[in-house]
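Visitor: One structure, as structure tokens, below. Some questions next.
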């Protein structure tokens, strides 16, 4: 006997009851289930490439592969002479713009007093507008690089690269202390909220896919629901199978791109089936069972023996009830043999239960322990 099972046997009935949950069998629509391989992937717009928009030298990385980042987080530092020149030019234009505005105000005053011609005033106005236009253009470029131009007060060659969206750092393409060209990607960041599975299907099955075609991706001993998106237009050359794209509605915290996993897909024709939670199904004495309450299943036995009790039987029943009352309280459930028809997600279609029938959804191990304790007591008696 295992330590786990022995511990369950010794648990008090009240504690066991707290760990048992009852559910009711449901009627659901289920299609033909096919099991195929699929590859975890992302669409191209779900991965961002962090690039250095200016040539420079990668001086520091603030992140490592696999690290989670949020939009705006610093990811790398690049020292760039081009960036130094941009900041120097911006500061110079900022000073020129200030002087030009002051000169324009002076020219405006002289023009109003008739001490400056219209031609000279217009020239001063055009010169000021040219300086302001150059300043605005450069300010826009620096803003796109993540520079707070309103706080820029000195020339710098330190360009900080930041994440454009939430995600996880994928590959780092440029080694530390290496030179990088303008627009050259230095790392990738994967969007952790948009994963897909490309299923490889027989062409005949692929032609039966519809909006109702649910998928269940098995990853790290757990299943995740996925909904059908579209059929890819090109057959896979190596396998000669059709490729269908499914979007994962949920996924594990850590998931690896390009991993091959099993996927089960529901295809037409669809039919009504009775389903229970997968946690309710268990092997008991070599058969698949779910546990149901005894009081719902003893009507036949009660009818068969009704009216046949003698005084001796009543006395014997009284003695058994006296000595076995506690045991009865510990064993209010019995196994119902069922036939599993299909698994999908956290549920399983079964034959052997009726729609609405109550069953033990969780705490199956506790029920097993109680039945084992009952059988040991009978053996000892």
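Visitor: Could you please give the count of residues in segment 139-155 that are in a loop (DSSP other than H, G, I, E, B) and surrounded by 15 or more Cβ atoms within 10 Å (Cβ to Cβ)?
Guide: Counting residues in segment 139-155 that are in a loop (DSSP other than H, G, I, E, B) and surrounded by 15 or more Cβ atoms within 10 Å (Cβ to Cβ) gives 4.
Visitor: Is segment 57-74 home to any residue that is out of contact with any strand residue (DSSP E or B) (no Cβ under 7 Å at 6 or more places or on another chain), within 30 Å of residue 253 (Cα to Cα) and either surrounded by 15 or more Cβ atoms within 10 Å (Cβ to Cβ) or in contact (Cβ under 8 Å) with a residue 12 or more places away in the chain (or both)?
Guide: So far as segment 57-74 goes, yes, one or more of its residues are out of contact with any strand residue (DSSP E or B) (no Cβ under 7 Å at 6 or more places or on another chain), within 30 Å of residue 253 (Cα to Cα) and either surrounded by 15 or more Cβ atoms within 10 Å (Cβ to Cβ) or in contact (Cβ under 8 Å) with a residue 12 or more places away in the chain (or both).
Visitor: Right, here's the next one. Between 106, 89, which is closer than 28 Å to residue 155 by Cα and in contact with a helix residue (DSSP H, G or I) (Cβ under 9 Å, 6 or more places away or on another chain)?
Guide: Testing whether each residue is closer than 28 Å to residue 155 by Cα and in contact with a helix residue (DSSP H, G or I) (Cβ under 9 Å, 6 or more places away or on another chain) leaves just 89.
Visitor: For segment 109-122, enumerate the residues that are surrounded by 12 or more Cβ atoms within 10 Å (Cβ to Cβ), touching a helix residue (DSSP H, G or I) at 6+ places or on another chain (Cβ under 9 Å) and assigned to a helix (DSSP H, G or I).
Guide: Within segment 109-122, 110, 111, 120, 121 qualify.
Visitor: Ok, one more. Could you pull out the residue among 8, 15, 43 that is crowded, with 17+ Cβ neighbours inside 10 Å and at pLDDT below 80?
Guide: One residue alone meets the criteria, 8.
Visitor: Right, here's the next one. If you take just the strands (runs of 3 or more DSSP E) that sit entirely in segment 190-243, which of them hold at least 2 residues that are within 30 Å of residue 172 (Cα to Cα) and touching a helix residue (DSSP H, G or I) at 6+ places or on another chain (Cβ under 9 Å)? I'd like the intermediate steps shown before the answer.
Guide: Details: elements: 196-201, 214-219, 222-231.
Passing ranges, in order: 196-201.
Visitor: Continuing with this model, one more query. Need the failing condition index for residue 169 against (1) assigned to a helix (DSSP H, G or I); (2) under 24 Å from the mean Cα position of the chain (by Cα), just the number.
Guide: (1) is the only condition that residue 169 fails.
The values are calculated or read from the model by the stated rules, or taken from the named source; none is laboratory data. If you're wondering where the values come from, they're calculated on a predicted model, not measured in any experiment. For neighbour counting, all protein chains shown are included, and Cβ atoms are generated from backbone atoms with ideal geometry for every residue, glycine included.
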